[in-house]
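The values are calculated or read from the model by the stated rules, or taken from the named source; none is laboratory data. Fair warning: this is a prediction, and the values are worked out from it, not measured in the lab. Don't worry about glycine lacking a Cβ; one is built from the backbone with ideal geometry, like all the others, and counts go over all protein chains shown.
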Amino acid sequence: MRVALFAVALLAAGCSHVFTKIQPGMTSAEVRALTEPEGVGPSEVVTYPPNAQAWYYGEDRCILLVDDRVVQKNVTREQTVASVPGLAHVKQTSKALCAPPGAEQPDDRTNIYVPGVGGVELQN
């Protein structure tokens, strides 16, 4: 079990390192040349006609290509919006989203966690 968790953490760290090198203006071929030697590729590709694609690297990283050029990259962001030490934490999570203007956007999520009791996720 520990070996599996270590492997997942190592893979995520590798993706993070490569993802930081992706820059706006790069072509899809340049992105592939950068990521494929590291064994990293998109886990999902979403096409937005007529000329855009979102490449997702897991659930927490993405890039948006328009006319075969990177125009945006995004990562999941989490922020604590309220906390009572030892009692409860409220966190707002904005999942990584790469979509052209006007495309449907998922809602942010709010997580409430009470130690010893558990947590709940609310869709905003």
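For GLY119, are the conditions met, namely being surrounded by fewer than 17 Cβ atoms within 10 Å (Cβ to Cβ), part of a loop (DSSP other than H, G, I, E, B) and modelled with pLDDT under 95?
Values: surrounded by fewer than 17 Cβ atoms within 10 Å (Cβ to Cβ): yes; part of a loop (DSSP other than H, G, I, E, B): no; modelled with pLDDT under 95: yes.
So GLY119 does not fit the description; no.
Pairs linking a residue in region 17-28 that is over 15 Å from ASP68 (Cβ atoms) and touching a residue at least 40 places away in the same chain (Cβ under 8 Å) to a residue that is surrounded by 11 or more Cβ atoms within 10 Å (Cβ to Cβ) and basic (Lys, Arg), with Cβ atoms under 7 Å and 6 or more positions apart or on different chains, are PHE19/ARG61. Reported count of residues in region 65-77, each being under 12 Å from the mean Cα position of the chain (by Cα), part of a strand (DSSP E or B) and surrounded by 14 or more Cβ atoms within 10 Å (Cβ to Cβ), is 3. Take GLN23 and decide whether it is closer than 14 Å to PRO100 by Cβ, modelled with pLDDT of 90 or more and either polar (S, T, N, Q) or not in a helix (DSSP H, G or I) (or both). The answer is no for GLN23.
Filtered by the rule that a residue be assigned to a strand (DSSP E or B) and surrounded by fewer than 17 Cβ atoms within 10 Å (Cβ to Cβ), region 40-59 gives GLU44, VAL45, VAL46, THR47, TYR48. Within region 89-104, residues that are of a type in the set (S, T, N, Q) have Cβ atoms under 7 Å from residues that are at pLDDT 80 or above in these pairs: GLN92/GLN79; THR93/THR76; THR93/GLU78; SER94/THR76; SER94/ARG77, counting only partners at least 6 apart in sequence or on another chain.
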